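For reference, the structure is listed below as structure tokens.
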Amino acid sequence: MVSTVSADTLIVYASPNYGSIYYSIWGKDYSVFRNYTGTSGVTVDSYTSSSQLFSTSTTNKFSDLYRAPIQFNTSTLTSGSTISSAILTITGISGNINGLGVTNYSLTSYSPATNGTNVAGDYDAWGSTRLSDNIAFADMPNTRTTINNFTLNTDGRAYISKVAWTNFMLRDNFDIDNSVPVWASSKNSGIFFGGERTFMTIVYSNAVSAPVASFTCTKNFIRIPNSVTCTDSSTNTPTSWEWSWGDGTANSTTQNPSHQYLKRGKWDIVMTATNAGGSSTTSATSVKVVGYENYY
């Protein structure tokens with residue numbers, strides 16, 4: 001039997017390779033930027049990441065699209081752990097700009113060529129499934145004292161790697177949905193956040209197997225009044241024990257108890273070991289208790 005223990009919390013900070021990946025070419029339709037599969041450019045910034053879009057003065061034509069990669073090394077989780085919640089937190093860095101229509105922002109997957117590094121060729125290494133809730137432009141942080149939390153949804157929690165890296169792309173909904181934004185001449189829409197203050201809070205629990213109960217005893221033949229000491233040898237780290245001595249006396253609950261027999265007879269010792277994963281009970285171990293003349 002396998003169960004889970006109480007939850008633990010992991011806080012992991014983004015890889016310090018902050019910045020944005022962008023495609024830049026003058027005066028093209030929005031779909032050209034959204035679907036570009038080449039190797040346009042990358043900004044590596046020690047401070048700021050951004051998701052931005054720029055228009056030109058020509059109707060319905062654009063010039064730049066920026067995406068914000070965010071990378072975490074989540075290998076300290078174990079493969080058998082269960083994630084109950086995860087929140088990705090970003091902190092504002094400067095005033096956001098909304099010159100090309102109202103939109104929301106969300107997280108999608110990101111598969112860079114090398115974990116911990118962003119290169120221009122990673123521009124198209126994203127997925128279209130939303131891994132978090134949507135946050136409206138008006139609610140995005142826009143100063144160094146404001147934060148926002150992207151709460152990962154079921155797909156987002158399942159996406160978190162427990163043995164390697166977990167990489168996200170922060171993008172606006174125009175980009176994720178491939179919907180053409182409202183054009184305005186020579187405008188810019190974008191958000192800016194401090195990469196070095198980006199972190200993820202993961203609440204998880206690790207799988208625990210039930211004990212396999214076992215023990216040894218110092219004697220299996222004694223004269224009254226005398227004692228037997230038993231030592232727990234159970235596997236899978238039990239956290240509580242219950243010993244039945246077979247002679248009608250009260251059970252013991254210490255890990256390695258001693259018991260004094262005051263009645264002659266053949267008595268069965270049984271132990272149950274328990275942890276968060278369940279319980280296990282041993283088969284009986286008999287102890288023979290005799291009087292001074294070897295009689296029951």
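The values are calculated or read from the model by the stated rules, or taken from the named source; none is laboratory data. As the structure is a computational prediction, the values presented were derived from the model and not from experiment. Virtual Cβ from ideal backbone geometry, glycine too; neighbours counted across all protein chains shown.
Can you tell me which residues in region 192-217 are in contact with a Cys (Cβ under 9 Å, 6 or more places away or on another chain), touching a residue at least 40 places away in the same chain (Cβ under 8 Å) and surrounded by fewer than 17 Cβ atoms within 10 Å (Cβ to Cβ)? Listed by number, the list holds a single entry, C217.
Among the residues examined, N220 qualifies as outside the structural domain of G116 (by TED's automatic domain parsing) and surrounded by fewer than 21 Cβ atoms within 10 Å (Cβ to Cβ). Whenever a residue of region 156-178 is outside the structural domain of T74 (by TED's automatic domain parsing), it has no partner that is surrounded by fewer than 22 Cβ atoms within 10 Å (Cβ to Cβ) and part of a loop (DSSP other than H, G, I, E, B) lying with C-beta atoms less than 9 angstrom away and at least six residues away or across chains. One residue alone among T281, T231, T274 is hydroxyl-bearing (S, T, Y), touching a Cys at 6+ places or on another chain (Cβ under 8 Å) and over 30 Å from W165 (Cα atoms), and that residue is T231.
Selection of region 80-92 for residues being farther than 27 Å from T48 by Cβ and either among the charged types (D, E, K, R) or in a strand (DSSP E or B) (or both) yields T82, I83, S84, S85. So in region 15-57, with the set limited to residues that are modelled with pLDDT of 95 or more and among the small types (G, A, S), which one is surrounded by the fewest Cβ atoms within 10 Å (Cβ to Cβ)? Among those that are modelled with pLDDT of 95 or more and among the small types (G, A, S), it is S57.
When S161 is tested against (1) outside any strand (DSSP E or B); (2) hydroxyl-bearing (S, T, Y); (3) under 27 Å from S24 (Cα atoms), just one condition goes unmet, and that condition is (3). Pick from S111, S189: which is touching a residue at least 40 places away in the same chain (Cβ under 8 Å), buried (at least 21 other Cβ atoms within 10 Å of the Cβ) and farther than 18 Å from I87 by Cβ? Only one candidate passes the filter, namely S189. Hey, any hits in region 192-199 for a residue that's closer than 30 Å to G80 by Cβ and assigned by TED's automatic domain parsing to the domain that holds Y18? Yes, because at least one residue in region 192-199 is closer than 30 Å to G80 by Cβ and assigned by TED's automatic domain parsing to the domain that holds Y18.
On inspection, S51 passes the criterion of being assigned by TED's automatic domain parsing to the domain that holds L10, in a strand (DSSP E or B) and touching a Leu at 6+ places or on another chain (Cβ under 7 Å). Comparison of W267, W245 shows that the only residue that is buried (at least 16 other Cβ atoms within 10 Å of the Cβ), outside the structural domain of P141 (by TED's automatic domain parsing) and touching a His at 6+ places or on another chain (Cβ under 6 Å) is W245. Here L65, L10, L77 are screened, and the one residue that is aliphatic (A, V, I, L, M), in a loop (DSSP other than H, G, I, E, B) and either closer than 20 Å to R171 by Cβ or at pLDDT 90 or above (or both) is L77. For region 85-103, the candidate set comprises residues that are modelled with pLDDT of 95 or more and of a type outside the set (S, T, Y); within that set, the residue that is surrounded by the most Cβ atoms within 10 Å (Cβ to Cβ) is I90.
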